[in-house]
């Protein structure tokens, strides 16, 4: 390690110290997160201006930055499984949630799949409006290699029935370790079975049920304390992640694909506005939703990890939006891998429209549009829990539409930038489904939803 790398690490640690100083001064958590975001952007720009894209100094520095950035995301993923399991199980100790859980689950799944179909329609409309064409994008070695990699991955894609089958927890204890891509869903199902067993036990053996309830409550309190400890590290994680993202971004390549980037964010923002409209239709304030979810969406944007954002997602739903624990955990965990509006909705639809003209297909053909929307909606369920969700969703959609998969590799240079927006939209979709479902089954605590965001900070 040379002195330049040490200096770069020193700058990051100095900024972390500054963020800790702000904490000692009792600055609000949300303000510290936004300051961390700004500092991360400035640090990333500074590093790139000093060393340039792909410089050896940056290559050697980023692994050290990842200790804080990626390390924080790993800690969040560490607590995700215990949080999902114990929160859903604890929800069944509350009779009202137990009675409405099945109905709420059905509503959540319907919203996730339905909004993905809408997102696909927006992706199609945006691609047409911006006249996106895959043949207009120059392909270098990286793009060609990406295309070949996607063709290889297409062999790993299984059928929809097989994907659904993988959700069932054959070994729930292995799922608690995150051993499978669909482990989160497996944990949800396992916890729901245990919750149902508890409800039956309460009618048969009330004394034993009371003991079980006390044990569940004790574990729940312990897990939530761990969650609060980890979430306190959020500003430092955001700082390191944003610095790494900006410092390693190829802005020349981004500028070359500027039209696609702009079109993507137009579609993503439009879908987010639809989330707000759906919330408004139920009689709730969309402005309140934005204010209370801002920190969580910001972290999703910077981290590009729906799984890493899960604890913040659930905390936001329960503490700020008034969603019951069980519904919040179901919406959050299923939203990780089913009906992701950004990765499985907007993105593959835009790719299909871009690539269709290369094989002589008119993307404005009504039959093509309807078929594409249906396939996108179905595949958003079929790629449940698979790592690299956007890539696999694109592969499934393009294969089903008989479109060349390799051309999807032309966007590799802007993938990180677009993925930030996609992840934020995915998380917003899962939180929206939780709010709407709890509202539909009359379980939403409107007093919590309508109170000031400062009344209940996330940590």
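A few comments on the model shown:
- The residues on offer are 40, 46, and the sole one that is surrounded by 14 or more Cβ atoms within 10 Å (Cβ to Cβ) and either touching a residue at least 40 places away in the same chain (Cβ under 8 Å) or farther than 29 Å from residue 232 by Cβ (or both) is 40.
- Unique match (being more than 17 Å from residue 429 (Cβ to Cβ) and either surrounded by 24 or more Cβ atoms within 10 Å (Cβ to Cβ) or in contact with a strand residue (DSSP E or B) (Cβ under 9 Å, 6 or more places away or on another chain) (or both)) among 345, 326, 335: 326
- Residue in the stretch 305-314 that is surrounded by fewer than 24 Cβ atoms within 10 Å (Cβ to Cβ) and at pLDDT 85 or above present: no
- Within the stretch 74-86, the set of residues being crowded, with 21+ Cβ neighbours inside 10 Å and closer than 14 Å to residue 233 by Cβ comprises just one member, 76.
Matching residues to (1) crowded, with 18+ Cβ neighbours inside 10 Å; (2) closer than 27 Å to residue 307 by Cβ; (3) at pLDDT 75 or above; (4) in contact with a strand residue (DSSP E or B) (Cβ under 8 Å, 6 or more places away or on another chain):
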{"site": "119", "(1), (2), (3), (4)": "yes, yes, yes, no"}
{"site": "122", "(1), (2), (3), (4)": "yes, yes, yes, no"}
{"site": "132", "(1), (2), (3), (4)": "yes, no, yes, no"}
{"site": "168", "(1), (2), (3), (4)": "no, yes, yes, no"}
{"site": "177", "(1), (2), (3), (4)": "no, yes, yes, no"}
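- Qualifying residue in the stretch 147-155 (condition: modelled with pLDDT under 75, out of contact with any helix residue (DSSP H, G or I) (no Cβ under 9 Å at 6 or more places or on another chain) and more than 30 Å from residue 53 (Cβ to Cβ)): yes
- Test: residue 414 is buried (at least 23 other Cβ atoms within 10 Å of the Cβ) and either at pLDDT below 95 or farther than 30 Å from residue 162 by Cα (or both): no
- Subset of the stretch 21-30 that is in a helix (DSSP H, G or I) and in contact with a helix residue (DSSP H, G or I) (Cβ under 8 Å, 6 or more places away or on another chain) - its residue that is surrounded by the fewest Cβ atoms within 10 Å (Cβ to Cβ): 23
- The stretch 370-384: number of residues that are at pLDDT 85 or above and crowded, with 20+ Cβ neighbours inside 10 Å: 5
- Qualifying positions in the stretch 31-64 - in contact with a helix residue (DSSP H, G or I) (Cβ under 9 Å, 6 or more places away or on another chain) and outside any helix (DSSP H, G or I): 52, 53, 55
- Lone qualifier among 67, 4 - being in a helix (DSSP H, G or I), surrounded by fewer than 18 Cβ atoms within 10 Å (Cβ to Cβ) and out of contact with any helix residue (DSSP H, G or I) (no Cβ under 7 Å at 6 or more places or on another chain): 67
- Residue in the stretch 341-362 that is closer than 30 Å to residue 192 by Cβ, in contact with a helix residue (DSSP H, G or I) (Cβ under 6 Å, 6 or more places away or on another chain) and not in a helix (DSSP H, G or I) present: no
- Considering the stretch 286-301, the residues that are within 11 Å of the chain's Cα centre (by Cα) and crowded, with 24+ Cβ neighbours inside 10 Å include one that is nearest to residue 381 (Cα to Cα), namely 300.
- Flag for residue 224 being under 15 Å from the mean Cα position of the chain (by Cα) and either over 26 Å from residue 26 (Cβ atoms) or part of a helix (DSSP H, G or I) (or both): no
- Within the stretch 250-268, being farther than 15 Å from residue 131 by Cβ, touching a residue at least 40 places away in the same chain (Cβ under 8 Å) and surrounded by fewer than 16 Cβ atoms within 10 Å (Cβ to Cβ) holds for 251, 252, 256.
- Filter result for residue 213 (assigned to a helix (DSSP H, G or I), at pLDDT 85 or above and surrounded by 12 or more Cβ atoms within 10 Å (Cβ to Cβ)): yes
- Residue count, the stretch 422-459 (criterion: part of a helix (DSSP H, G or I), surrounded by fewer than 22 Cβ atoms within 10 Å (Cβ to Cβ) and either modelled with pLDDT under 85 or touching a helix residue (DSSP H, G or I) at 6+ places or on another chain (Cβ under 6 Å) (or both)): 4
The values are calculated or read from the model by the stated rules, or taken from the named source; none is laboratory data. All of these numbers come straight from a predicted model, not from anything done at the bench. No Cβ is skipped: glycine too gets one built from the backbone with ideal geometry, and neighbour counts run over all protein chains shown.
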